[in-house]
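The values are calculated or read from the model by the stated rules, or taken from the named source; none is laboratory data. Remember, it's a predicted structure, so these values are computed and weren't measured experimentally. Note that each Cβ is placed from the backbone with ideal geometry, even for glycine, and that neighbours are counted across all protein chains shown. Heads up: the accessible areas ignore ligands, DNA and RNA and are worked out on the full protein's heavy atoms, side chains in. Shrake-Rupley method; radii C 1.70, N 1.55, O 1.52, S 1.80 Å.
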Amino acid sequence: MSTTSTSHDTASRSNAIAFIGLGAMGREMASNLFTKSLNAQGSEPSPTLIVCDAVPEAAASFARNFQQLHPG
């Protein structure tokens, strides 16, 4: 999962999940959404997970924590 801004083509966006706002409720909601989507993929390729927040460190912290919980 990357916290940097990148350009994606249409094919990769069709398999992307994004969440905006990682405040008190958003952090838990994003984690739950992303975890359930990873578990539901089965043999499908893992989705691209995108997080956005007005505070860049909040997005970076979320990405680090999520990667520790779900390596690979």
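What are the residues in the stretch 19-53 that are touching a His at 6+ places or on another chain (Cβ under 8 Å) and either part of a loop (DSSP other than H, G, I, E, B) or modelled with pLDDT under 85 (or both), if any?
Within the stretch 19-53, just Leu38 meets the criteria.
Please specify each residue of the stretch 47-57 satisfying the condition of being surrounded by 15 or more Cβ atoms within 10 Å (Cβ to Cβ) and of a type in the set (A, V, I, L, M).
Residues satisfying the conditions are Leu49, Ile50, Val51.
Given Glu28, Glu44, which one is exposed (fewer than 10 other Cβ atoms within 10 Å of the Cβ) and among the charged types (D, E, K, R)? Steps first, please.
Values: Glu28 fails: exposed (fewer than 10 other Cβ atoms within 10 Å of the Cβ).
None of the other options fit; the residue is Glu44.
Does Ala11 qualify as being at pLDDT below 95 and surrounded by fewer than 10 Cβ atoms within 10 Å (Cβ to Cβ)?
Values: at pLDDT below 95: yes; surrounded by fewer than 10 Cβ atoms within 10 Å (Cβ to Cβ): yes.
So Ala11 passes the test.
Are any residues in the stretch 37-72 within 15 Å of Asn15 (Cβ to Cβ) and not aliphatic (A, V, I, L, M), and if so, which ones?
Taking the stretch 37-72 and keeping what is within 15 Å of Asn15 (Cβ to Cβ), we get 37-38, 40-50.
Those that are within 15 Å of Asn15 (Cβ to Cβ) and not aliphatic (A, V, I, L, M): Ser37, Gln41, Gly42, Ser43, Glu44, Pro45, Ser46, Pro47, Thr48.
Check off (1) on the phi > 0 side of the Ramachandran plot; (2) open to solvent by less than 40 Å² (accessible area, probe 1.4 Å) for Ala60 and give me the number that stays unchecked.
So the condition that Ala60 fails would be (1).
Only one of these conditions is not met by Thr35: (1) polar (S, T, N, Q); (2) in contact with a Ser or Thr (Cβ under 9 Å, 6 or more places away or on another chain); (3) exposed (fewer than 15 other Cβ atoms within 10 Å of the Cβ). Which number is it?
(2)
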